[in-house]
Amino acid sequence: MPNSSPLSLRTLFRGTAAAALIVAIIGYAAYQAKGVTLGPSIHVDQDLNGTSTNERVITLSGTIRRANAISLNGRPIYVDLEGRFSERFALMPGTNILVITARGADGREVQRTLTVVRTAEQTAITP
């Protein structure tokens, strides 16, 4: 009779536990690597691109992820601990181009460009 031993419950449990641990470690590593592979991102709360307004000042707010620096038209913007920002921007009459740039720790950059047109203000006609 060949020498074969039946697979014990203890051996089966150890193998299953080891496999589950390896899958958990690989899954966690993939989740953590997401920040490295995706790079920085910019989310603007209200998409103002292509809009027109007669307001002189607008507020641009949103969230950045996986970035350590953000700027609006080359000027640094400060963010809170959750990555939220809120910045007031003075509009010139006519077309205004707002460029939001986020830079990750690895030097990668992402930009979001918004075009907002400031229309002429309504003036009251006095007799």
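Each reported figure results from applying straightforward, stated rules to the coordinates on display, with no laboratory input. What you are looking at is a predicted structure, and each value in this text was computed from that prediction instead of being measured. Cβ: placed from backbone, ideal geometry, glycine included. Neighbour counts: every protein chain shown.
With the structure loaded, tell me whether Gln32 is loosely packed, with under 13 Cβ neighbours inside 10 Å and out of contact with any strand residue (DSSP E or B) (no Cβ under 9 Å at 6 or more places or on another chain) or whether it fails that test.
Details: loosely packed, with under 13 Cβ neighbours inside 10 Å: yes; out of contact with any strand residue (DSSP E or B) (no Cβ under 9 Å at 6 or more places or on another chain): yes.
Judged against the criteria, Gln32 is a match.
Which of the residues spanning region 57-77 are closer than 17 Å to Val110 by Cα, over 12 Å from the mean Cα position of the chain (by Cα) and of a type outside the set (A, V, I, L, M)?
Correct list: Ser61, Ser71, Asn73, Gly74, Arg75, Pro76.
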